[in-house]
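*Asks:* I'd like to ask you about the structure that follows.
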Amino acid sequence: MYLKRNIVLRVLIAPLFFVTLISTAQSNDLFKGYRKTAWVLEPIIFEKNTTDPQAPEIDLTTYNTFTGNLGFTYRFLDRGAWNFKTGFILGLQPGYHLSANFKAEDIIFDEDQYFKINELSNGRFSFTIPLEAQFTTQVASRTYLAASLAAKLTYLSPNQLSYSIATIDEEAMEFREIFLLEIITTETGLYPQLTFGTGFYFTLKKMLLYAGFTYNKNIINTYSGRYVAGNLLVTPRLEGEYKNSGDYFGLSTSVAFNLGKKNKKRNKYYIVD
């Protein structure tokens, strides 16, 4: 209860903190001479899926997943040391990434063998619209420190993923399903998110380069479902929740090109005889 109260309090205070910074920030010329559109490339690492309970009897393990985001942002407002952006981001959302080890005595009678699974689902494309507020301050002649907070809305086409493993009983000539995973997205496929970021801008001759770190927090789990391990010869039936939070860490990079030199109109002179 205390933790929830603390989180709510921080969410309420955060807008006041940003308003205060906006009113006291001093302007800089970071974006002068550069285009408002920046192209974004972000390698990311998704946090591990979670299982509850963890099922040590089959050594059920989840892993981080590496994917990436690609898109652009558009800077629509500059105010003091602050700038505000929106844009469009194409991402690749993972479903599940897990492994499990089944004891030999649970599936076969040969004590010298065991059965292991290691499975990664195919990623699915997602589309994100961000609304970002970013604070910048100069720290060197061509370097600016930046900190940002963004609210995002991501769309992932509603879908359900499942994975199952079965063994065959040669004597009875029948299949026995020993593991089943079923997870599903929200009905709408919409996911509100918060992103925190910090990094540096480098003002180069032909471009404005940004490199930094981001942390993305999903308000709703991307996938939720259950796992079942059953029909095992020795180990009792195991069942629990399986969740993919969709939270990730990213290495954010972007490039905004300079405006270029406008062609000056040449005055034409005519000689009149």
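*Asks:* In segment 147-158, which residues are closer than 12 Å to Trp82 by Cα and surrounded by fewer than 21 Cβ atoms within 10 Å (Cβ to Cβ)?
*Replies:* Of everything in segment 147-158, those that are closer than 12 Å to Trp82 by Cα and surrounded by fewer than 21 Cβ atoms within 10 Å (Cβ to Cβ) turn out to be Ala147, Leu149.
*Asks:* Please verify whether segment 183-191 includes one or more residues that are modelled with pLDDT under 95, in a loop (DSSP other than H, G, I, E, B) and either at positive phi or of a type in the set (A, V, I, L, M, F, W, C) (or both).
*Replies:* no
*Asks:* Can you tell me which residue is nearest to Asp78 (Cα to Cα) among those in segment 124-158 that are in a loop (DSSP other than H, G, I, E, B) and modelled with pLDDT of 95 or more?
*Replies:* Ser157
*Asks:* Inspect segment 218-230 for any residue being surrounded by fewer than 19 Cβ atoms within 10 Å (Cβ to Cβ), closer than 30 Å to Lys36 by Cβ and modelled with pLDDT of 95 or more and give the result as yes or no.
*Replies:* yes
Yes/no per residue for (1) closer than 30 Å to Phe135 by Cβ; (2) exposed (fewer than 13 other Cβ atoms within 10 Å of the Cβ); (3) in contact with a Cys (Cβ under 7 Å, 6 or more places away or on another chain):
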residue: Leu161; (1), (2), (3): no, no, no
residue: Ile168; (1), (2), (3): no, yes, no
residue: Glu174; (1), (2), (3): no, yes, no
residue: Ile183; (1), (2), (3): no, no, no
residue: Thr188; (1), (2), (3): no, yes, no
residue: Tyr191; (1), (2), (3): yes, no, no
residue: Thr195; (1), (2), (3): yes, no, no
residue: Thr198; (1), (2), (3): yes, no, no
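*Asks:* I'd like to verify a number: residues in segment 222-252 that are under 12 Å from the mean Cα position of the chain (by Cα), not in a strand (DSSP E or B) and not charged (D, E, K, R), how many?
*Replies:* Matching residues across segment 222-252 total 3.
*Asks:* Something else: Only residues that are of a type in the set (S, T, N, Q) and closer than 11 Å to Gly91 by Cα: list them for segment 41-70, please. Spell out how you get there, then give the answer.
*Replies:* Kept after step one, since they are of a type in the set (S, T, N, Q), are these residues of segment 41-70: 49-51, 54, 61-62, 64-65, 67, 69.
Answer for segment 41-70, where residues must be of a type in the set (S, T, N, Q) and closer than 11 Å to Gly91 by Cα: Thr67, Asn69.
*Asks:* Still on this structure: Does Val255 satisfy the condition of being closer than 18 Å to Phe31 by Cα and at pLDDT 95 or above?
*Replies:* Spelling it out, Val255 is indeed closer than 18 Å to Phe31 by Cα and at pLDDT 95 or above.
*Asks:* Could you list, ordered by first residue, the pairs with Cβ atoms under 9 Å in which the first is in segment 19-38 and at positive phi and the second is among the β-branched types (Val, Ile, Thr) and modelled with pLDDT of 55 or more, at least 6 apart or interchain?
*Replies:* Gly33/Thr203
The values are calculated or read from the model by the stated rules, or taken from the named source; none is laboratory data. The structure displayed is predicted, hence computed values, not measured ones. Every residue, glycine among them, receives a Cβ derived from its backbone with ideal geometry; neighbour counts consider all protein chains shown.
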